[in-house]
Amino acid sequence: MGRRVAPLPSAQFTTLVTRIRKEFVDTASNQDIVKTIHRNGKTITLVGTAHVSQKSVELVEEKVRTGEYDCIAVELCPPRYQNLIQKSMWKNLDIFQVLKRGKGTLLLVNLALTAYQKRLADKIGVEPGREMVRAIELAEEHQLPLEVIDRDITTTLQRMYRGVSFWQKIKLFSSLVASIFVGEEITEEQIESLKEGDMLHSLVEEFGDVLPSVKKVLIDERDQYMVGRLIQLTESPDGPKNILAMVGAGHLIGMLPAFDHPPRQENLEELDRKPPPGRTGYYIGWAIGLFILSMFIVGYMRSPELGGQLVLQWIVINGGLSALGSAIAFAHPLSILTAFLAAPLTSLNPTVGAGMVVGMVETWLRKPKVSDFEALREDIGQFSQWWHNGVIRVFLIFFFANLGSAIGTFIAGSSIVYQIFGQAP
């Protein structure tokens, strides 16, 4: 068993996230990362792999070329599988529709994850997910069936998003962004050492101490889900008899004991269910909007001059900061104007965000070029290119317009309350 660690203070949170996300690498001995499970007369060989380690690529090649296996399973979901095999997938992305459907935040998180992984891979010299790509290639070369056993990434992100508090969301996202730029330096030797059993177990335990709800969704639930999918393969009468399963090394800790009590079909369906939209933030948003409107009414009842002053202040501060955020992201002048006009209204309506409106206008005015999509994988890992790539710039505008509007709502709202009640809130 790994050592137990006390919860880390918030000052160490970014460092922990950086360490956790470096988890998947090889050790000198394969004994700890290759496990064999027998179920229903079938054999499952679990191999703990790395997402940025050349040694993991070599281990995948070594295992497949033995000829012992009649099926290869990989820690991928259908969308991630398509992303790996179709390098042109980003070209088919309709950013306008992504923003219109309210999925801008999910894609922004995906871009941040991609940026971090690209940065780490550039240091090590291995393409992110190369061991999974190699497993797919070898399955095709050896004419072996390929199974993707992980849960859909959008389901995982949505369950994680719904499972944490507002401040945890802020902390998690800010730490993720910070890790792209200020993460501690890491060598290949350091990465290799992280896969040792006790060290990796301790890291996972630390993650659970700091953010248990995130660990539950990001690690524990996926462990259960992948075990369930592998058990389903062994239960099929015409299914494979000897399965080679490639999973991130950090999942071995949770998957191995889960085979003793694998999830049933109804458990898998529950794990695969996307949570309904949270209502707390929705009600809070409407409450803030109604409160601000009521302050306008109170102001007008006291005097038309005060009411007009409060409305003007709300527009200038809220719209101005959202426009400033858009300008920081190098938005089109009309997009900046849109931010100024939209933010004071969207802040009163929780169903629409300023960033969504401004991002859609920016996409309509300056639709990203094919070259922007083609260069996305490279540009996402280079901070200097973020403002030059049309795709990334749209999401920067989305983020900064929302951020400016949120700050403006707090500042303008505080000022309005002070003027109505004669004291700071």
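The values are calculated or read from the model by the stated rules, or taken from the named source; none is laboratory data. Note that this is a predicted model, so its numbers are computed, not measured. When we count neighbours, we look across all protein chains shown, and the Cβ atoms used for this are built from the backbone with ideal geometry, even at glycine.
Annotations
- Residue satisfying all of: in segment 310-335; in contact with a Lys or Arg (Cβ under 9 Å, 6 or more places away or on another chain) and buried (at least 24 other Cβ atoms within 10 Å of the Cβ); farthest from residue 386 (Cα to Cα) among these: 335
- Looking at segment 212-258, the helices (runs of 4 or more DSSP H) lying wholly inside it that each contain 2 or more residues that are more than 17 Å from residue 148 (Cα to Cα) sit at 212-215, 249-258.
- 1 or more residues closer than 24 Å to residue 153 by Cα and at pLDDT 85 or above: qualifying strands (runs of 3 or more DSSP E) within segment 2-93: 42-49, 71-74
- Residue count for segment 292-315, restricted to those that are touching a residue at least 40 places away in the same chain (Cβ under 8 Å) and within 15 Å of residue 410 (Cα to Cα): 6
- Residue 108 meets the conditions (1) aliphatic (A, V, I, L, M); (2) modelled with pLDDT under 75; (3) in contact with a Gly (Cβ under 8 Å, 6 or more places away or on another chain) in every case but one. The failed one is (3).
- Here residue 330 qualifies as among the hydrophobic types (A, V, I, L, M, F, W, C) and closer than 14 Å to residue 397 by Cα.
- Single residue of 221, 235 found to be crowded, with 17+ Cβ neighbours inside 10 Å, modelled with pLDDT of 55 or more and not aromatic (Phe, Trp, Tyr): 221
- Being aromatic (Phe, Trp, Tyr), farther than 30 Å from residue 296 by Cβ and not in a helix (DSSP H, G or I) is a description that applies to residue 387.
- The lone exception for residue 266 - which of (1) exposed (fewer than 11 other Cβ atoms within 10 Å of the Cβ); (2) in the same structural domain as residue 406 (by TED's automatic domain parsing) it fails: (2)
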